[in-house]
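*Asks:* Dropping the structure in here first, questions after.
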Amino acid sequence: MNTRITELLGIQYPIFQGAMARIADGRLAGSVSEAGGLGIIACGGAPLDWVRQQVEIARSITSKPLGVNVMLMDPKADQLAKLLVELDVDVITTGAGSPANYISMWKEAGIKVVPVVASAALAARMERLGADAVVAEGTEAGGHIGELTTFALVPSVCQAVNIPVVAAGGVVDGRGMVAAFALGAEGVQCGTRFLTVEECSVAEAYKERILKAKDSDTIVTGRGTGHPVRGLKNKFSRNCRKIEASAQSPDELEGLYSGSLRRAVEGDVDNGSLMAGQVACLVHERKTCADVLQEMVGEAQALGGWTLAQMADANSRRQRALDAAADAAPVAAPAAPTAVKVAGETAAAVQTAAAPEAAPAAPAFDPRLPVFMLSGQGAQKPGMGCGLTQIPQVAAALECGSQVFGRDLAFLVTQASAEELGSTLNAQAALAALSLGLSRALMDQGVRPGAVLGFSLGQIPALAVSGMLSDQVMFQLLRKRAELMDQAAQARPGAMSALLKADEASVNELCLACAQDQVLIPANFNCPGQIVISGDQEAVARAEQTWTDGGKRFARLAAAGGFHSPLMQQAATEFAAYLEDVDFAQPQIPLICNVNAQPLTPSQAKEHLAAHLVSPVRFSQSVSLLKDAGFTRFTEVGFGGTLSNLVKRVDRGLERACVQDAESLEAEVAVRKTRDERSV
């Protein structure tokens, strides 16, 4: 996921680890940075030698960008500012004061400066001083807080500045990440979420209190002193409230607060200040930093899919467009950036809002022609290629695939057993080769599609049918994808199940109820009344039982893993890296992307194909899009007729065909010829 934040800082994920005083040390920050986020060491009044030591520890863990937070009210701020230049840190975040005296020095040293702000006015001032970005932290956060909520603060700050904005306060998972991008942010910061990770040094008793927290378990103390702090309710916080109400002097309160955070960090959960945000109630597991980052991004992609990626791109590119306009006409003041709407936003509307760079015109739909639908994994069966290997185009596709995969695909499609075809690599290679070969045979005999739609796996050979990739490059990409999916499935076994008489709202509710801290999401929107869920095996089994208890039916799929879910996040991450070296051509035939049910462009291909592994397949929405565009004939180029049956459930009035053998191939060619003759 690329935003101005990831580009500015050179990080993989636009996720900051919050600078929690006495907690965010070198081990935690280094681990977050190594996992792809931005780890931040919290100085918080610590001795300079300690700061130096923690930076060294972090650098022993990672060579990736590292941040340090400076509390500007620290009496040693001047010395610390100079030390961080000496230590060559990459990013400095600031709080509790103005960094005006240090920004020039830091920026001259190549350090990115990102102040934490609690108001739009302060954010605008930081921009004027030369800040590279700001963190807008809402009152939901833990520790020292402001008054504005994240939902009020973030869009206000986004309207006030042109530099990137990172949202903080109340962000703990992918849901919060999606919301932050909708508000206009280009990154998020999380503190409480990292309190329970394995690399965090706080006492086990502190972690246990976080894990057991309910939604009403945080409290704000210190409002009367002008320094409000949010933490978990305990003996200390209740005592604070009582004394604050009756205190006669600031000194009385100062003595109460002194050493309170240290006591909590060391394990005194009764008499210490257990700083934590309101989202503590959403933290239920001990994980590693890498797990937290991958699951956040995976969940966000699963929930928002293309929408999340497009919003991130839109927020970044909108400001670039404004900057370019300002450069071209420096007298005119650029309009304030606004966030992209999530709920109810159509894909076309988001694309328009994104103001994309000029690109070659995409091919137009031609609804006079059929839609080619390419089969997904699961359609394979023994002997499915018998009678097809003599067709020249099919033979050529099988030979090309055999060379890339290093196995005899002609044998697989004619003589392999069901068990042999059950492996991810064999199934995907065989199905892709037959779909590609049959598509080529149809096209060479005059049956050209007006659009191409692949179902899951089918989207990969569709890249070759559309003209975006050569056959050989497509098979190379497919092999890498299949290998990564197989590795991910073996590392964490998953399952998939089709729920019948299902609607999106009830399935979402089911997944939330049955996940129980495991992965469980809607994975395929097949047609009205049929939605596939995917996730951990135990979670899928719980959902099936609950669905059955409600008097409804399901069908467990013969899938080799929990595909199109966050269980594939590692595969998606590695696939994204692989795709960086792949060049996509402008399609000659419109290809509908599974992730967003919209035509795929070369500029989107890399991000969407990686997101495809962890995002739902929106087949039903894709068929509806094509139907609304005027298409009336949908030709399944694959096996079993599954996709044709799904089209029937979307709209019984649509024509359907399934080309899966020589006879049906000949019949489809005859239909095309008849229509051509009538149109003369």
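The values are calculated or read from the model by the stated rules, or taken from the named source; none is laboratory data. Just so we're clear, the structure is a prediction, and the values are computed from it rather than from any experiment. Heads up, the Cβs are rebuilt from the backbone with ideal geometry, glycines too, and the neighbour counts pull from every protein chain shown. All accessible areas refer to the heavy atoms of the entire protein, side chains included, with ligands and DNA or RNA removed. Shrake-Rupley method; radii C 1.70, N 1.55, O 1.52, S 1.80 Å.
*Asks:* Among the residues of segment 58-86, how many are crowded, with 16+ Cβ neighbours inside 10 Å and under 19 Å from residue 28 (Cα atoms)?
*Replies:* 13
*Asks:* Scanning segment 628-680 for residues that are in a loop (DSSP other than H, G, I, E, B) and of a type in the set (Asp, Glu), which turns out surrounded by the most Cβ atoms within 10 Å (Cβ to Cβ)?
*Replies:* If we take residues in segment 628-680 being in a loop (DSSP other than H, G, I, E, B) and of a type in the set (Asp, Glu), then 661 is surrounded by the most Cβ atoms within 10 Å (Cβ to Cβ).
*Asks:* Quick one: residue 51 ticks every box in (1) out of contact with any helix residue (DSSP H, G or I) (no Cβ under 6 Å at 6 or more places or on another chain); (2) β-branched (Val, Ile, Thr); (3) open to solvent by 10 Å² or more (accessible area, probe 1.4 Å) except a single one, so which number is it?
*Replies:* Result: residue 51 passes all but (3).
*Asks:* Here's a follow-up. Assess whether residue 136 counts as being part of a loop (DSSP other than H, G, I, E, B), under 15 Å from residue 95 (Cβ atoms) and without any contact (Cβ under 8 Å) to a residue 60 or more places away in the chain.
*Replies:* It is false that residue 136 is part of a loop (DSSP other than H, G, I, E, B), under 15 Å from residue 95 (Cβ atoms) and without any contact (Cβ under 8 Å) to a residue 60 or more places away in the chain.
*Asks:* Hey, which of the helices (runs of 4 or more DSSP H) in segment 486-592, taking only ones fully inside, have at least 2 residues that are under 26 Å from residue 373 (Cβ atoms) and free of Cβ contacts under 8 Å to residues at least 60 places away in the same chain?
*Replies:* Qualifying helices (runs of 4 or more DSSP H): 504-515.
*Asks:* Under the condition of being closer than 19 Å to residue 624 by Cβ and open to solvent by less than 20 Å² (accessible area, probe 1.4 Å), which residue from segment 526-547 is farthest from the chain's Cα centre (by Cα)?
*Replies:* Checking each candidate, the answer is 527.
*Asks:* Can you tell me which residue within segment 593-605, out of those that are of a type in the set (A, V, I, L, M) and in a loop (DSSP other than H, G, I, E, B), is modelled with the highest pLDDT?
*Replies:* Among those that are of a type in the set (A, V, I, L, M) and in a loop (DSSP other than H, G, I, E, B), it is 600.
*Asks:* Only one of these is surrounded by 24 or more Cβ atoms within 10 Å (Cβ to Cβ), out of contact with any helix residue (DSSP H, G or I) (no Cβ under 6 Å at 6 or more places or on another chain) and either in contact (Cβ under 8 Å) with a residue 60 or more places away in the chain or at positive phi (or both): 142, 191, 184, 169. Name it.
*Replies:* Result of the check over 142, 191, 184, 169: 191.
*Asks:* Would you be able to tell me the number of residues in segment 197-217 that are of a type outside the set (Lys, Arg), part of a helix (DSSP H, G or I) and touching a Leu at 6+ places or on another chain (Cβ under 7 Å)?
*Replies:* Residues that pass the stated criteria total 2.
*Asks:* Oh, and also: Could you list all residues from segment 457-491 that are touching a Gly at 6+ places or on another chain (Cβ under 6 Å) and either among the charged types (D, E, K, R) or surrounded by 23 or more Cβ atoms within 10 Å (Cβ to Cβ) (or both)?
*Replies:* Scanning segment 457-491 gives 457, 458, 462, 475.
*Asks:* If you scan segment 1-37, which residues turn out to be in a helix (DSSP H, G or I), in contact with a helix residue (DSSP H, G or I) (Cβ under 7 Å, 6 or more places away or on another chain) and farther than 18 Å from residue 56 by Cα?
*Replies:* If the condition is that a residue be in a helix (DSSP H, G or I), in contact with a helix residue (DSSP H, G or I) (Cβ under 7 Å, 6 or more places away or on another chain) and farther than 18 Å from residue 56 by Cα, then 4 is the only one that fits.
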